[in-house]
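**Student:** Mind looking over this structure? Questions follow.
The values are calculated or read from the model by the stated rules, or taken from the named source; none is laboratory data. Owing to the predicted nature of the structure, the values given are computational and were not obtained by experimental measurement. Cβ placement follows ideal geometry from the backbone for every residue including glycine, while neighbour counts extend to all protein chains displayed.
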Amino acid sequence: MGYQLTQDGLRQVFADWSREYDIYAPKRFEGTGRFSETDVIRYGTVRTPEEVVWDQRSDYSWKEAVLPVCQTLLYFTEETVTEAKDPERGKIVLLRSCDLAAVKRFDYIFLQNGPEDSYYKDRRDKIKFVLMGCDHSFEGCFCVSMGTNRTAGWDAALNRREDGYQAEAADSFLAAALEKAGTPCGDVVPDGVDANDFTVTVPEDLTSAVAQSTIWDEYDKRCFKCGRCTLVCPTCTCWSMQDLYYTENGQAGERRRVQASCMIDGYTDVAGGLKFRQKGGERMRFKVLHKVLDFKKRAGYQMCVGCGRCDAICPEYISFVRCIEKLADGMKEVTENEK
Amino acid sequence: MKNNTYLPFRSEILEVIKHAELEYTFRMAYDRGAEHPVKPGQFFEISIPKYGEAPISVSGITDHSLDFTIRKVGSLTNEIFENYVGGHFFLRGPYGNGFDVNMFKGKEIILVAGGSGLSPIHGVIDYFADHMDECERLTVIVGFKSPHDILFRDDLKRWKQSGMNLIYTVDKADDDPDYDGHVGLVTQYIPEMNLQDPDNAIAVVVGPPMMIKFSIKTLLGLGFDEEKIWVSESRKMCCGVGKCGHCRIGEIYVCQDGPVFKYTQVRSFID
C-alpha cells in the first residue's frame, strides 16, 4: 500500500529511519564543484528531506556506500593481522533507477564473479534502497536506451509531488515509518522516464575486433587519463590494495582497498616494468568495451546503465555516448579491412 | 567476518635457496594441503605488512611446504629479500586454475620456459621426473639471461638424470668464460625437441611476453598443432579472486579463468 506524505510527514519518516540507519542521499556540497563558485552534488548522510537534491542528477553515484574511496580491510603489526570491523549501522540509500540497476552490476562482481567478498557483503546486507522516482530525464541521461529506466528490487520508492511525496515500501522497517507519518493512498508506482533526449544504440554485431579500428586514435591526444569518468561511474568497481603504516618505526599499520581506475597510470603496472595500455585511446577502448561488450559476455547483460555522468564530468568534453555511436563505423572499418 | 578472502595466514620461512643475485626460492611452511590442495601453476598473494601484496606462482609443493621463487624487482620483493630463515610472510591462496598433471599423462610433453617462468611448470617437471613412465616423452627447454641467472641448478641436475630431454641455455655467456653450456635463445633450441608423436603431443610455454610470442611462432612453424599449446599468463592482480579488475582482458579475468590458458584462447586477448 502507498502513502501520501507532506514535507513534515517525510521529515518525520527521515527522523524515524535515522534512529537505526544512516540515510545516504545526493546532497549539495557548496563551493566544491569543478569550477570556482560551483557546487558538487555527491552522496552524504542526511537527516532531513530538505538536504536531498532532487532537481539535478548527482555528479557522483551511490557507490561509496559499498566501495568507499578508501576502506580499511586489515590492521597489522609485524606479527599479527586482524580484520577491520565495519560500522554496525546500516545505510538507507536514496538513488535513481539507473543507480539501482548499477547495484546489480556491483553484486555481480563482488558476490558472483569468484568467491563472495565478505567486506562487500557485510555492507550490502545492511543497505536498504529507496528509489527516487524520476519525473523527467536530466541532460545527458540515456537510461531508456540501456533499459534501466524502471528498475525493480527497491525496498521503498519515493515520488516527489508539488504538495509533498508519495511513497511505498516493500520493507517492513521502512513501511512502519510511512504508516505512522503518512496518509494511505493507492499503490504507488515509482516515477520513471520513458524517453530521454536522445537514444544510444550499441551495434548488435559488435565484437572485440573493433579494438583494431582507428576510432580510438583521437582519444590518444584528447584524453589525459585523469580517470574522472570511472570515479563517477556507478558501475566501475575496480580497486587496488594499499598498505600504510602509522608509526615512524613502521611496526603497525593497515591494509586498505582504494578505488582504482583503468584510465589512470599504474593500473596495469607489474614489478619489473611491464605495462599495458599506455595510450589514452587504448584505455578508452578498454573502458568502453567493458561497459557495452565484455561485461555482457560474462554476466549476460550490459554494464553501462546510461546515467550520463561520465560525459558530464570529463574535463576534455570526451563523450562516451559519441564513442558508442562511433562503434558501428569502427565495426564497418575492421570488417572491410578483413575483406 | 565469515570467509574473509583477504585475511592472510602467517607462514614461516623454512629455507632460502639462493639461485642468483636477484632470484631466491623461499620455502614456506604450509599445513593446509588437506583442505586447500595446491597445483603447479597456481599462485598465492604473498605479503609483508606495510609493503603490500604480490601474486607469486608456486614453484614447488610438498606435504608441508610451498616454494616461491621470487625475483627482486619491486618494492615488496626488495623487502622480501631482507627476510631469511626464522622470519615469516603472510600468504593467501591458492588462486587460479593451475596445471592438472593428468592432462600431460601418456603424452609427448614439450615445456618451454624463460627465467622465472620455470616456476609455474616446476611442479609438472618434478612430477614427471619421478614418473617418466607416465608420459611418452618429456622435453624441457629453459632459457636464462646469463650463466649467473641460472635458476634451480640442483633441480636441473636431478632432472637431467631422470632421462628427460633437458636443454637449458643462456642468452649470453660473455662474462663467464667457464660456462660451457648452450648459448642462444630458447627459440633456437625448440627444433631440438625432435617431436616423435605430433598427434599425441602437448606443449606449455611460460615466460616474458616476447619469449612466449616467438616460442609459439617457432612451435607453429614446426607444424605443432595450435590446439595443443598452453601458456601461463601474468598480470597485475590485487585480489586474486575476480574483484579488483586489474587482470581483466576482455571478458576474461586472468586470476579466475587462468592463469593457465590454451594458446588458441590467448591469441585473441587484447590487453
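**Student:** Need at least 3 residues that are within 21 Å of the chain's Cα centre (by Cα) and under 26 Å from A:V53 (Cα atoms) per element, so show me which helices (runs of 4 or more DSSP H) inside the stretch A:137-236 make the cut, counting only ones lying wholly within it.
**Tutor:** Hits in the stretch A:137-236: A:143-146, A:228-232.
**Student:** Okay, next question. Here are some conditions: (1) in contact with a helix residue (DSSP H, G or I) (Cβ under 8 Å, 6 or more places away or on another chain); (2) crowded, with 17+ Cβ neighbours inside 10 Å; (3) in contact (Cβ under 8 Å) with a residue 24 or more places away in the chain. A:A169 meets all but one. Which one does it not meet?
**Tutor:** Looking at each condition in turn, A:A169 falls short on (3).
**Student:** Shifting gears a bit: What number of residues within the stretch B:238-262 are surrounded by fewer than 21 Cβ atoms within 10 Å (Cβ to Cβ) and more than 9 Å from chain A (Cβ to nearest Cβ)?
**Tutor:** 3
**Student:** Within the stretch B:195-217, identify whether any single residue is among the hydroxyl-bearing types (S, T, Y) and in the same structural domain as B:M132 (by TED's automatic domain parsing), and answer yes or no.
**Tutor:** yes
**Student:** State the number of residues belonging to the stretch B:26-40 that are more than 20 Å from B:V16 (Cα to Cα), among the hydrophobic types (A, V, I, L, M, F, W, C) and surrounded by 11 or more Cβ atoms within 10 Å (Cβ to Cβ).
**Tutor:** So the count comes out to 1.
**Student:** Please indicate, with yes or no, whether at least one residue in the stretch A:303-323 is within 14 Å of chain B (Cβ to nearest Cβ) and outside any strand (DSSP E or B).
**Tutor:** yes
**Student:** Another one. From the list B:G114, B:G96, which residue is in contact (Cβ under 8 Å) with a residue 12 or more places away in the chain, touching a Phe, Trp or Tyr at 6+ places or on another chain (Cβ under 6 Å) and crowded, with 19+ Cβ neighbours inside 10 Å?
**Tutor:** Result of the check over B:G114, B:G96: B:G96.
**Student:** Shifting gears a bit: Does A:R124 count as under 21 Å from A:G44 (Cα atoms) and either away from every other protein chain (no Cβ under 14 Å) or not β-branched (V, I, T) (or both)?
**Tutor:** Yes.
**Student:** For the stretch A:79-101: of the residues being in a strand (DSSP E or B) and within 15 Å of the chain's Cα centre (by Cα), which is surrounded by the fewest Cβ atoms within 10 Å (Cβ to Cβ)?
**Tutor:** Looking at residues that are in a strand (DSSP E or B) and within 15 Å of the chain's Cα centre (by Cα), I get A:V93.
**Student:** For the subset of the stretch A:40-86 comprising residues that are of a type in the set (S, T, Y) and within 16 Å of A:C229 (Cα to Cα), which member is nearest to the other protein chains (Cβ to nearest Cβ)?
**Tutor:** Result: A:S61.
**Student:** Something else now. Of the conditions (1) within 14 Å of chain B (Cβ to nearest Cβ); (2) over 30 Å from B:Q265 (Cβ atoms), A:E168 fails just one. Which one is it?
**Tutor:** Checking A:E168 against (1) within 14 Å of chain B (Cβ to nearest Cβ); (2) over 30 Å from B:Q265 (Cβ atoms), the one that fails is (1).
**Student:** Going through A:F76, A:F106, A:F110 one at a time, which residue ends up being over 30 Å from B:I48 (Cβ atoms), of a type in the set (F, W, Y) and not in a loop (DSSP other than H, G, I, E, B)?
**Tutor:** The unique qualifying residue is A:F106.
Residues checked against (1) away from chain B (no Cβ under 14 Å); (2) of a type in the set (D, E, K, R); (3) in contact with a Lys or Arg (Cβ under 9 Å, 6 or more places away or on another chain); (4) in contact (Cβ under 8 Å) with a residue 40 or more places away in the chain:
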{"position": "A:D187", "(1), (2), (3), (4)": "yes, yes, no, yes"}
{"position": "A:D197", "(1), (2), (3), (4)": "yes, yes, no, yes"}
{"position": "A:T207", "(1), (2), (3), (4)": "no, no, no, yes"}
{"position": "A:K221", "(1), (2), (3), (4)": "yes, yes, no, yes"}
{"position": "A:P234", "(1), (2), (3), (4)": "yes, no, yes, yes"}
{"position": "A:W239", "(1), (2), (3), (4)": "no, no, yes, yes"}
{"position": "A:L244", "(1), (2), (3), (4)": "no, no, yes, no"}
{"position": "A:A260", "(1), (2), (3), (4)": "no, no, no, no"}
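**Student:** Go through B:C255, B:C238 for me and flag whichever is part of a helix (DSSP H, G or I), touching a residue at least 40 places away in the same chain (Cβ under 8 Å) and touching a Cys at 6+ places or on another chain (Cβ under 7 Å).
**Tutor:** B:C255
**Student:** Identify all residues within the stretch A:2-48 that are surrounded by fewer than 16 Cβ atoms within 10 Å (Cβ to Cβ) and either in the same structural domain as A:R228 (by TED's automatic domain parsing) or of a type in the set (S, T, N, Q) (or both); write none if there are none.
**Tutor:** A:T6, A:Q7, A:T32, A:S36, A:T38, A:T45, A:T48
**Student:** Run A:M331 past the list (1) within 21 Å of the chain's Cα centre (by Cα); (2) in contact (Cβ under 8 Å) with a residue 12 or more places away in the chain and report the number of the one that doesn't hold.
**Tutor:** A:M331 satisfies every listed condition except (1).
**Student:** Just for the stretch B:61-91: of the residues that are assigned to a strand (DSSP E or B) and facing another protein chain (nearest Cβ under 10 Å), which one is modelled with the lowest pLDDT?
**Tutor:** B:R71
**Student:** What single numbered condition from (1) over 29 Å from A:I109 (Cα atoms); (2) within 20 Å of the chain's Cα centre (by Cα); (3) crowded, with 20+ Cβ neighbours inside 10 Å; (4) of a type outside the set (S, T, Y) fails to hold for A:L67?
**Tutor:** Condition (1) is where A:L67 drops out.
**Student:** To continue, here is another question. Being under 18 Å from B:K243 (Cα atoms), over 18 Å from the mean Cα position of the chain (by Cα), of a type in the set (F, W, Y) and not in a loop (DSSP other than H, G, I, E, B) narrows it down to one of A:F286, A:F295, so name that one.
**Tutor:** The match here is A:F286.
**Student:** Scan the stretch B:36-60 residue by residue and report those that are within 11 Å of chain A (Cβ to nearest Cβ) and within 19 Å of B:G242 (Cα to Cα).
**Tutor:** Those that are within 11 Å of chain A (Cβ to nearest Cβ) and within 19 Å of B:G242 (Cα to Cα): B:E45, B:S47, B:G52, B:E53, B:A54, B:P55, B:I56.
**Student:** Here's something else I'd like to know. Can you pull out every residue in the stretch A:262-275 that is out of contact with any Ser or Thr (no Cβ under 6 Å at 6 or more places or on another chain) and more than 11 Å from chain B (Cβ to nearest Cβ)?
**Tutor:** Listed by number, the residues that qualify are A:I264, A:D265.
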